[in-house]
Each structure stands twice: as structure tokens, then as C-alpha cells.
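To keep things clear, I will list the structure first and then write my remarks on it.
The values are calculated or read from the model by the stated rules, or taken from the named source; none is laboratory data. These numbers come from a predicted model, not from an experiment. Methodologically, a virtual Cβ is constructed for each residue, glycine included, from the backbone with ideal geometry; neighbour enumeration extends over all protein chains shown. Note: accessible area is taken over every heavy atom of the protein model, side chains too, but ligands, DNA and RNA are not part of it. Shrake-Rupley method; radii C 1.70, N 1.55, O 1.52, S 1.80 Å.
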Amino acid sequence: MGEKIALNNMSSRRGGGLEGFFRLGDHGANVRTEVLAGVTTFVVMAYIIAVNPAILAAGGLDPRAVATSTCLVAGLLSIAMGLYTNRAFAIAPGLGLNAIVAFNLIGGLGLTPAEAMGVVVAEGIVITILVLLGVRKYVMDVVPTALSRGISVGIGLFILFIGLRNAGIVTFERGQTGTVDGFLTLTPLNSWPIFVAMAGLLVTIVLMARGVRAGILLGIVIATIIAFLVPGDVANLPAEPLAGPDFSLIGQFSFGFFAKLGLLTAVLVVFSFMLSDFFDTMGTLIGVGAEAGYLNREGELEDAQRPLLVDSLGAVAGGVFSSSSATTYIESAAGIAAGGRTGLVSVVTGILFLAALPFVALVNAIPSVATAPALIVVGVLMVGVLSEGGTAGERRSAIDFRNIEEGLPVVLTMLMMPLTFSITNGIGVGFISYALIKIARGKAREVHPVLYVVAAAFLLYFLRWALFDARF
């Protein structure tokens, strides 16, 4: 009886409506602050509505349809995150993950867009099963921290390189007979598209240096305006700027990649994609959770199963909707900095993504040179994981590059991704070199047995041409 009275008193203190459902009083929050925080998070994340179509268009997907799927996935999954977890985490298709789809799966391995999205769905299903079985932490224990950070940095460098290429600043120059086959070079800075990209990059850097939270989004908008003002038809309005959403990509996925790639390659591709998604999510949840006060004294995210489950289902939804894998966004920290603490923040963010659906056709007016600065800046920011070490007030390298056991595998991982235009290659080289160095130093027992299995599988993958006369 006493417990029932206590529960009734607690319920009365929490109140009904939004305050009661999201327990705003327990978090020292109020509706006004949470709504403003949700708007802040949306404004900071909204650049993905333009950038995701720009990336996936390189893989042959229609920009308006991708923008539609981007808004739907970001909207529905952010709302689900808020309602199910009551945490201020927002979700959208992940940068880096979309680059894997466009440049690695479609451009490198020759998959169709539907087959590439089938890889995303398969990865999402696997990682969801891992969450439900409670073994996601086990995977974290298998992969060394240094390698996980190397993967994040490598993806950042990959995104940075794509941004420089889309801006036209870096190009591949064909070599001459008797010298070299070709090499990367700085493009002559004498064209209007490059001017637009550099102007957008300058604006973005200045805004972010001044602490403007929507700096990336505003940089895209200003660069697009400049693109319309300069000569040379750098940007053009779409024939139907208010044509509305295009839902044609929903459900366009296929598991035919297993037959096209062969079982070994298909499994390794799914595994590599899963690792990229996995470490992106874990780093974000811990980083943003620390800002929001969600971590316990041991630095662990309390009740992590709920946000991990929604995030994993976001990967499945991203493949089904053809938007690429959806993941928790580090930009969620912007809403938390604005005072947000509960799931109401994520719900507001999701509603605003859905409200953007009638205007998705306008993404066709944004040239790739206008979104390139966003890729460059985001790529640079991802390299910041290297400084995640030291005590309060101190920033030092989280990886000991002087130690060959850590430094060599990490450097190989980071450089192999942009240089070979493949996330899979970078992860594979990192795993193999890490295992080999440990064996050479007589520390074979320090390597988890599962990591040896994965390294051996990657070794077979790299030797597939010699061993199996593979054509992929």
C-alpha cells in the first residue's frame, strides 16, 4: 500500500503530457528548452539532406529520391530513439558509411545500388542480432582500441579526400609513357567551380571558428548562392523545385551480392561495413552521453541496450529505404549543449526532418562543389579521435605511434582507406599487420582468437586473385 502511494505521489510530481512521458522534472528540463534543443540539433544535422544525395549520386542513385529517404530515415529513427530511450540522441544516414556504399560497394566491387543496399540491410541484421544477444561489448573486446580509432580516422581521411575531389581541388593526372602511370596533383585554381568550393570552405571554417553551430549547413547554403551568382552554369535550378518527395527507392535492396561476389568476399564486405558502423556508433554514444551526463562512474553508458538497438535497426532501415546505414550523430551534442536532456529533443529533431520532405527536390539545385566543404570539414573533425587521451585539460595522442605494435597497423589502416578508395582494404590490412607484429614479438597470446580468424579471412581475401583467380 505504501509503495502504491509513493508511486502515485511520484506520478503527480511528474505531471502528465510531455512532462510526464519524458520525465522532464527528473532531468531538470522543461518543454521550451527541450524543443529549442531539438531545433538546434536539426539545424546542425540538416546538411545531411544535401550531402547524402551528393555522395550516393556518385553510385547512380537519384538525388531527390535519396533526399526523400534521408529525411524519412532520419525522421522516423530519431523519433523512435526519443520515444524508446528517452535520450537526446538523433539519428541520420552516416557520412563515411554512405561513402562505402557509393565508392567501395558500387564503384569498386561493381554492385548495383540495390545489391549495395542489400549489404547495408545484411549488416544491420547482423549487428541487431549482436545487440539482442548482448554480445556487442564482446566485439569491442576483440578489436584493440588503437585499431578502432584507426578505422574512425581512416574513414575521416577518406571523406576528406572525397571532399577535395568533389571540389575539384585534387585530380588524378595521367602520366607519360616511360615515367609513371599517373599521380594525384593540385588542380590549377583557375575555375569558377573551384572558386565556389574554396569560398564555401572559407565561410564554413570562419563560422565554425566563431562557434556558429549551424556553420556546416550555412556554408552549404552560402556556397550554393555563390554558385548561382558566378558565371559558367556552376549551379542550375531543377525543372520542378517543389516537386515534393520521391519514394521510389524504398524497398529497392537485394541480397544478390552474395552470388556476385562469392561467399568469402561477401562476408568480409558485410563484416567490414559492420565494423565501420559499430565503432562510429559506440564512439558517438559515449562522447555525447558524457556531455549529457548519461554515463556512470565507470564511464559506461547506462541502459545502453536501448539506444544500441534503435541504432542497429537504423542500419536495417537505411538499407531498406536506400539511404545508406543510419547511425547516431555526434551533432546530437549541439542540442545537449543547448540544454536538452531527454528524448523530447530527438522527437522534435525527427519531426523537423519529416517536415522537410516537401522541399527535397531543391537538393538538385545544390552542386557538388557546394557540399564538398562540408565533407572536408567533417573529415578533419573525425581525425580528432586521435587526441582522445590524457587527463582533464590535456590533449595528447591516444595512440603511441612510436610503438610499432600500435603505430604501424593504425597508420596502414588510416592510409590504405583513402589511397585505395576502400574502407574494407584499410580494415583488412590493419587486422593482418596487427596480428603479424604480435606474433613476431612473441605476444601471440595477447591477440584474441577471433581476431586471428578475421585476419586469416582478410588474408585469403587479399590473395583471392592468386589463389582463386578471382575477377572481383
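Just a yes or no: is a residue in the stretch 107-122 over 19 Å from the mean Cα position of the chain (by Cα), buried (at least 24 other Cβ atoms within 10 Å of the Cβ) and touching a residue at least 60 places away in the same chain (Cβ under 8 Å)? Scanning the stretch 107-122, I find at least one residue that is over 19 Å from the mean Cα position of the chain (by Cα), buried (at least 24 other Cβ atoms within 10 Å of the Cβ) and touching a residue at least 60 places away in the same chain (Cβ under 8 Å), so the answer is yes. Is it the case that the stretch 445-464 has a residue that's modelled with pLDDT under 90, within 22 Å of ASN104 (Cα to Cα) and in a loop (DSSP other than H, G, I, E, B)? Yes, the conditions are met somewhere in the stretch 445-464. Among the numbered conditions (1) surrounded by fewer than 18 Cβ atoms within 10 Å (Cβ to Cβ); (2) modelled with pLDDT of 85 or more, the only one that GLU406 does not meet is (1). Without any contact (Cβ under 8 Å) to a residue 24 or more places away in the chain and of a type outside the set (A, V, I, L, M), is that true of ASP277? Considered against the rule, which asks whether it is without any contact (Cβ under 8 Å) to a residue 24 or more places away in the chain and of a type outside the set (A, V, I, L, M), ASP277 comes out as no. On the basis of being over 19 Å from TYR84 (Cβ atoms) and either surrounded by 18 or more Cβ atoms within 10 Å (Cβ to Cβ) or among the hydrophobic types (A, V, I, L, M, F, W, C) (or both), does ILE250 make the cut? Judged against the criteria, ILE250 is a match.
Is it the case that LEU419 is in a helix (DSSP H, G or I), modelled with pLDDT under 90 and either within 30 Å of LEU217 (Cα to Cα) or touching a strand residue (DSSP E or B) at 6+ places or on another chain (Cβ under 9 Å) (or both)? Criteria met by LEU419. State all residues of the stretch 203-251 that are of a type in the set (Ser, Thr, Tyr) and within 19 Å of THR40 (Cα to Cα); if no residue qualifies, say none. Hit for the stretch 203-251 is THR204, nothing else. Residues in the stretch 3-46 that are in a helix (DSSP H, G or I), open to solvent by 40 Å² or more (accessible area, probe 1.4 Å), among the charged types (D, E, K, R) and at pLDDT 85 or above: 3 in all. Residue count for the stretch 60-93, restricted to those that are in a helix (DSSP H, G or I) and small (Gly, Ala, Ser): 8.
Could you check the stretch 422-444 and list, in sequence order, the residues that are at pLDDT 90 or above and touching a Gly at 6+ places or on another chain (Cβ under 7 Å)? Scanning the stretch 422-444 gives a single hit, GLY430.
Filtering ALA227, ALA239, ALA235, ALA199 for residues that are modelled with pLDDT of 90 or more, part of a loop (DSSP other than H, G, I, E, B) and small (Gly, Ala, Ser) leaves a single hit, ALA235.
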